[in-house]
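Worksheet: the structure to be examined is printed underneath.
The values are calculated or read from the model by the stated rules, or taken from the named source; none is laboratory data. Predicted model, so just to flag it, every value in this text is computed and none were measured. Every residue, glycine as well, gets a Cβ built from its backbone with ideal geometry; the counts of neighbours run over all protein chains shown. All accessible areas refer to the heavy atoms of the entire protein, side chains included, with ligands and DNA or RNA removed. Shrake-Rupley method; radii C 1.70, N 1.55, O 1.52, S 1.80 Å.
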Amino acid sequence: MHLVVGLGNPGPRYAFTRHNVGFMFLDKIANNWKRKHNYEEAKINIAEKNVLLIKPLTFMNLSGEIFNYINPSDFDDIIVVYDDVNIPLGKIRIRKKGSDGGHNGLKSIIAYIGEHFPRIRIGIGPKPENIDLVNFVLGEFNNNELMILHKVLEITTEALEEIVAGNISSAMNKFNSFEVKL
């Protein structure tokens, strides 16, 4: 079984903010969410494989705490999906492993399981110079940005299918150069 963790912040205040694209992605591919401990889970089938989707219900910087309840060794692969302010809106980046890149949610996950797991970073940038980082990532998308994001989430679904099927290198080649434009 594969585990896909989408990062975001809980509650209606944050539901449609840039920092919640990990949750938005998981909500796009599943609707049968069940509350467990401090997370929500849904089970789906991707590429003929069982996949457990997780939305941590802690705030972003404590996302790794889900591994107090979930044993990472129970899964064939763990894939994390999250926002990245350093990637332009309309693009995604897939990596086999790596550092946290300054993302506090990813930093928390790495503290629990190390950095050797695939990740899909969904671009939310660039941040305007006149807005501080916290206000930007906790701000909501405008209508044009939402149209781009909708298409990006569709592409992210295709990328996840390819990764779960065991073709991460192919997914990187195919989707890391892809860009959604209006």
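Things to note:
- Charge dipole of the chain (Cα centre as origin; +1 on each Lys and Arg Cβ, -1 on each Asp and Glu Cβ, all else neutral): 20 debye, rounded to the nearest 20.
- Helical content alone sets the calculated 222 nm signal of the chain at -9000 deg cm²/dmol, taking -39,500 (n - 2.57) per DSSP H segment of four or more residues and averaging over every residue.
- Karplus-derived HN-Hα couplings along region 72-80 (A = 6.51, B = -1.76, C = 1.60, θ = phi - 60°), whole Hz, x at Gly and Pro: x, 6, 7, 10, 5, 7, 10, 10, 10
- Within the accessible area of region 1-146, the carbon and sulfur atoms contribute 46%, probe 1.4 Å, all protein chains present.
- Ordering of 6-15, 167-176 by burial proxy (mean other Cβ atoms within 10 Å per residue, highest first): 6-15, 167-176
- Taking every Cα-Cα distance in region 55-142 and sorting them into 10 Å bins starting at zero, the pair-distance distribution P(r) comes out as 15, 47, 29, 8, 0 percent.
- The distance separating the Cα centre of region 138-162 from that of region 36-89 comes to 18 Å.
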